[in-house]
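Okay, so here's the structure we're looking at.
Please treat every number below as a calculation from the coordinates, not as lab data. Note that this is a predicted model, so its numbers are computed, not measured. Virtual Cβ from ideal backbone geometry, glycine too; neighbours counted across all protein chains shown.
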Amino acid sequence: MLRRPVESAEYTSAEFARACARWKVRQSMGRVGSCFDNAVAEATFSTIKVEYIHRRMFRTRTEARLKIATWITDFYNQRRRHSVCDWRSPIDYERSTASALEAQAA
């Protein structure tokens, strides 16, 4: 298994644990060698890179941050079709799920 040079030491260090505690962030790590630790995050970032970042040029880091954040909140989280939502947008999936739950409750 390949690891980034500082990954293991950095995220298990006492200094990092203190920073997490100070910011009230729960440190989460799976067992050593588990490939599922970051699978969802890695897949999400891969999609963002392939579908948005690598198709554009940004003049500055600030512009990149703003445009990427806007794309994530306005498109990726709202309108982009996701396989986990039966290839519907999250909004459409939530609406249909809410309707189904309301019908069940009635």
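Between Arg88 and His82, the built amide H atoms are under 5 Å apart, and every one of these is 5 or more places off in sequence or on another chain.
Please compute, over every Cα-Cα pair in region 64-106, the percentage with a separation greater than 13 angstrom. Numbers along the way, then the final one.
Working: 533 of 903 pairs.
Value for region 64-106: 59 percent of Cα pairs lie more than 13 Å apart.
Each residue of region 90-95 is assigned a 3J(HN,Hα), and the resulting list reads x, 5, 4, 5, 4, 4 Hz, derived from the Karplus form 6.51 cos²θ - 1.76 cosθ + 1.60 (θ = phi - 60°), x at Gly and Pro. Could you calculate the FRET efficiency of Trp23 with Lys49 from 1/(1 + (r/R0)^6), where r is the beta carbon distance between them and R0 is 30 Å, rounded to 0.05? About 0.65, to the nearest 0.05. Taken one residue at a time, the phi angles of region 54-70 give Karplus couplings (6.51, -1.76, 1.60, θ = phi - 60°) of 6, 9, 9, 10, 10, 6, 9, 5, 4, 4, 4, 4, 5, 5, 5, 4, 5 Hz. Gly and Pro are set to x. Once the C-beta distance of Arg59 and Phe16 is scaled by a Förster radius of 30 Å, the resulting FRET efficiency is 0.35 to the nearest 0.05. Take the Cβ atoms of Asp86 and Asn38, set R0 to 25 Å, and the FRET efficiency comes out at 0.50.
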